[in-house]
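J.: Structure provided below as structure tokens; questions to follow.
The values are calculated or read from the model by the stated rules, or taken from the named source; none is laboratory data. The structure presented is a predicted model; accordingly, all values stated were derived computationally and were not measured. Cβ coordinates were reconstructed from backbone atoms using ideal geometry, including for glycine residues, and neighbour counts include every protein chain displayed. These accessible areas exclude ligands, DNA and RNA; they are computed on the full protein's heavy atoms, side chains included. Shrake-Rupley method; radii C 1.70, N 1.55, O 1.52, S 1.80 Å.
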Amino acid sequence: MKNGFDNEKYLKIQSEHIKERISKFGDKLYLEFGGKLFDDYHAARVLPGFQPDSKLKMLMQLADYAEIVIVISASDIEKNKIRGDLGITYDKDVLRLKDEFEKCGLNVGSVVITQFKGQEAAKLFRSKLKKLKIKTYVHYEIKGYPSNVALIDSDEGYGKNDYIETSKPLVVVTAPGPGSGKMATCLSQLYHDKKRGIKAGYAKFETFPIWNLPLKHPVNLAYEAATADLNDVNMIDPYHLQAYGETTVNYNRDIEIFPVLNAIFEGIYGENPYKSPTDMGVNMIGHCIIDDEVCCEASRQEIIRRYYTTLNQLVLGSTDENVLFKLELLMKQAGITTDDRKVTVAAKEKAAKTGVISAAIELQDGTIITSKTSSLLGTSAALILNAVKHLANIPHEVKLIPSTMIEPIQNMKVTYLKGNNPRLHTDEVLIALAMLSLSDENCKKAIDHLPMLSGCQVHTTVMLSEVDKKIFKKLGVDVTMEPVFKSQKPLME
């Protein structure tokens, strides 16, 4: 697959730009870091060539300048809020993030519990952090935040919060997810630093929307698709347009909050160093796109994937129709339909032809491979076998796993484990392949070609089991599914 993004250029110019911003404020810069510091697979999908850990590597270049503060909301602790991509609670993710950062040589200075109002779960988490010898601070809920500026900029507002002791000129403020209180933490520090005579500044790092791309550019539309459930909307920054006569893109929350931020900055500094939300940002990612059409096509594909994800969630009852309506609108704006996803068309055609559950995969070179469910294998398991056989130049008629080996496994699943589905799932097929690879050269070749599935596209005509979804994810395969349960017909009416 062709690259559309220069990752090395990004690492260089982004770190230099942050250093430049630090120098503008004197002693210290609080950098609110939105999105994921690592494992940013959305960015990697819409900007081919961007590495999922690019932002982490960029920060590693600033390791001598930087320390990290991890923020978590007390209400999120109380609600046991879960990261959807990892399936773990926010409080557990705080500890995971700390370990991951420190493995990379980055200093995690402390953890801040925000929006605290005596929640028992937050108290327990604070005690746990103290036992682990992790510096912990508490920031309190401020009534009327963010509108009551007079209270916020006072000893009864930010003044009540613990002051976070930091030692580096760059303080990166990050969190397990949105709504954790990163911006409020930064602004609280500015208030305390001003009282201590410390010259400090604030900046914001958000990967998306990309401020110097057009409003309806597919990359920016893909960001709206990714945040459809949050009601984020990309907008022209009116403050930037008024101040400089330049059209830039930001999202609604930053634009809506800017008048309040302006008042808070004026309360702290006497004047606002920024004339617009765009001014606050330090993101240089738009300067590193080297092939716009490659990124446009990747983004259009991402919108279709997000659409299918929402369709599945709607069937499962985990979202509402308004999110789907927004995705449909974004697809219209991008000028695409589900037929623009090649594997979707191929899987549906296979199902129509065979009358059974089917799937298709698009390999890195554009080759489409299909599969169907059988008495021995589920369609996902068959698809992986068909794909690696093609990649390893193994004739299609060669049976990598003989039926004499599959049947005893099916007997175990049904007779002894009381299962209803005798067909082998993807994990069972891969284990069988691994065992056979000790004596079968074809099986060994097939396993050696599994890494070539990373970045490939798959579509199935029914919703898959959790097992199959997890295996595809581990293989780095992007999967979409028709919103149909296996007990239904393979194709929607």
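J.: Using only the alpha-carbon atoms of region 349-485, report the extent along each of the three principal axes, biggest first, to the nearest angstrom.
T.: Extents along the principal axes, in whole Å: 40, 37, 28.
J.: Positive end of the charge dipole of the chain (Lys, Arg +1 and Asp, Glu -1 on Cβ, about the Cα centre): tell me which of Ile431, Pro48, Asn234 has its Cα farthest that way.
T.: Ile431
J.: Students often forget the sequence filter, so: which lysines lie under 16 Å Cα-Cα from Lys12 once same-chain residues fewer than 8 apart are removed?
T.: Lys55, Lys57
J.: If you don't mind, there's one more thing I want to ask. If the viscosity is 0.890 mPa s and the temperature 25 °C, what translational diffusion coefficient in µm²/s does Stokes-Einstein give for region 151-192 when Rh comes from Kirkwood over Cα pairs?
T.: 218
J.: So, one more: Rounded to the nearest 500 deg cm²/dmol, what is the calculated helix-only ellipticity per residue at 222 nm for the chain, with -39500 (n - 2.57) per DSSP H run of length n ≥ 4?
T.: Mean residue ellipticity at 222 nm (helix-derived): -13500 deg cm²/dmol.
J.: Work out the length of the dipole vector of region 184-309 about its Cα centre, built from +1 on the beta-carbon of each Lys and Arg and -1 on the beta-carbon of each Asp and Glu, and round it to the nearest 20 debye.
T.: 520
J.: Continuing with the same structure: Using a Cα distance threshold of under 24 Å, what count of lysine pairs results for region 260-387 when pairs must be 8 or more residues apart or interchain?
T.: Qualifying lysine pairs in region 260-387: 9.
J.: Give me, ordered by chain and number, the residues 5 or more places off Gly281 or on other chains with an amide H under 5 Å from its own placed amide H.
T.: Amide H to amide H, under 5 Å and 5 or more residues apart or across chains, Gly281 pairs with Lys204.
J.: Same structure again: Beta carbons within 10 angstrom, averaged per residue: use that to sort the peptides 222-232, 425-435, highest first.
T.: Going by the mean number of other Cβ atoms within 10 Å, highest first, we get 222-232, 425-435.
J.: Restricting attention to the alpha-carbon atoms of the chain, what are Rg (one decimal) and Dmax (integer), both in Å?
T.: Both quantities, over Cα of the chain: 25.4, 80 Å.
J.: Could you please state, rounded to a whole Å, how far the C-alpha centre of region 331-371 is from the C-alpha centre of region 444-462?
T.: Between the Cα centre of region 331-371 and that of region 444-462, the gap is 15 Å.
J.: Which of the aspartates and glutamates could a cross-linker bridge to Lys469, judged by Cα under 17 Å and excluding same-chain residues fewer than eight apart?
T.: Qualifying aspartates and glutamates at Cα under 17 Å: Asp85, Glu362, Asp427, Glu428, Asp478, Glu482.
J.: If packing is taken as the mean number of other Cβ atoms within 10 Å per residue, what is the order of 412-423, 378-389, highest first?
T.: Packing proxy ranking, top to bottom: 378-389, 412-423.
J.: When the Kirkwood hydrodynamic radius is evaluated over all pairs of different C-alpha atoms of region 268-319, what value in angstrom, to one decimal, is obtained?
T.: Over region 268-319, the inverse of the mean reciprocal pair distance is 15.0 Å.
J.: Here's another thing I want to ask about it. Once the convex hull of the alpha carbons of region 1-98 is built, what does its volume come to per residue, in cubic angstrom?
T.: Measuring per residue, one finds 118 Å³ for the Cα hull of region 1-98.
J.: In region 1-143, what % of DSSP beta bridges are antiparallel (nearest 5)?
T.: Here the antiparallel bridges make up roughly 15 percent for region 1-143.
J.: On average over all directions, what projected area in square nanometres does region 117-271 have, based on the convex hull of its Cα atoms?
T.: Reported value for the Cα convex hull: 11.2 nm².
J.: Determine the share of the chain's accessible area contributed by carbon and sulfur atoms, expressed in whole percent, with a 1.4 angstrom probe.
T.: 53
J.: If you take the square roots of the eigenvalues of the alpha-carbon gyration tensor of region 46-109 and sort them as a ≥ b ≥ c, do you get rounded (a/c under 1.5), prolate (a/b over b/c) or oblate?
T.: oblate
J.: About its Cα centre, how strong a charge dipole does region 246-301 have in debye, to the nearest 20, once Lys and Arg get +1 and Asp and Glu get -1 at the Cβ?
T.: The dipole magnitude comes to about 200 debye.
J.: Amide H of Asn107: which non-local residues (sequence gap of 5 or more, or other chain) have their own amide H closer than 5 Å, using H built in the peptide plane?
T.: Close amide H contacts, sequence-distant or interchain: Ile68.
J.: Under a 5 Å amide H to amide H cut-off, with H placed in plane at 1.01 Å, what residues pair with Tyr137 once short-range neighbours are removed?
T.: Val111, Val112, Ile113
J.: Give, rounded to the nearest 20 debye, the magnitude of the charge dipole that the chain has about its Cα centre when Lys and Arg contribute +1 at Cβ and Asp and Glu contribute -1 at Cβ.
T.: Around 1240 debye, computed over the chain.
J.: When the Karplus curve 6.51 cos²θ - 1.76 cosθ + 1.60 is applied with θ = phi - 60°, which whole-Hz ³J(HN,Hα) does each residue of region 202-219 get, with x for Gly and Pro?
T.: 10, 8, 10, 10, 10, 5, 10, x, 7, 5, 9, 10, x, 3, 9, 4, x, 4
J.: Hey, can you rank 247-255, 327-335 by average C-beta count inside 10 Å, highest first?
T.: Put in order of decreasing packing, that is 247-255, 327-335.
J.: Can you tell me what percent of all Cα-Cα pairs in region 32-155 are more than 23 Å apart?
T.: For region 32-155, the share of Cα pairs beyond 23 Å comes to 42 percent.
J.: Quick one: Kirkwood hydrodynamic radius for region 200-285, alpha-carbon pairs, angstrom, one decimal?
T.: 13.4
J.: While we're on this one: Give the residue from Met280, Gln119, Ile70 lying farthest towards the positive end of the charge dipole for the chain; charges sit on Cβ (+1 for Lys and Arg, -1 for Asp and Glu) and the dipole is referred to the Cα centre.
T.: The one lying farthest along the dipole's positive direction is Gln119.
J.: Hey, can you find the accessible area per residue of region 104-229 for me, probe 1.4 Å, expressed in square angstrom?
T.: Computed with neighbouring chains in place, this is 41 Å² per residue.
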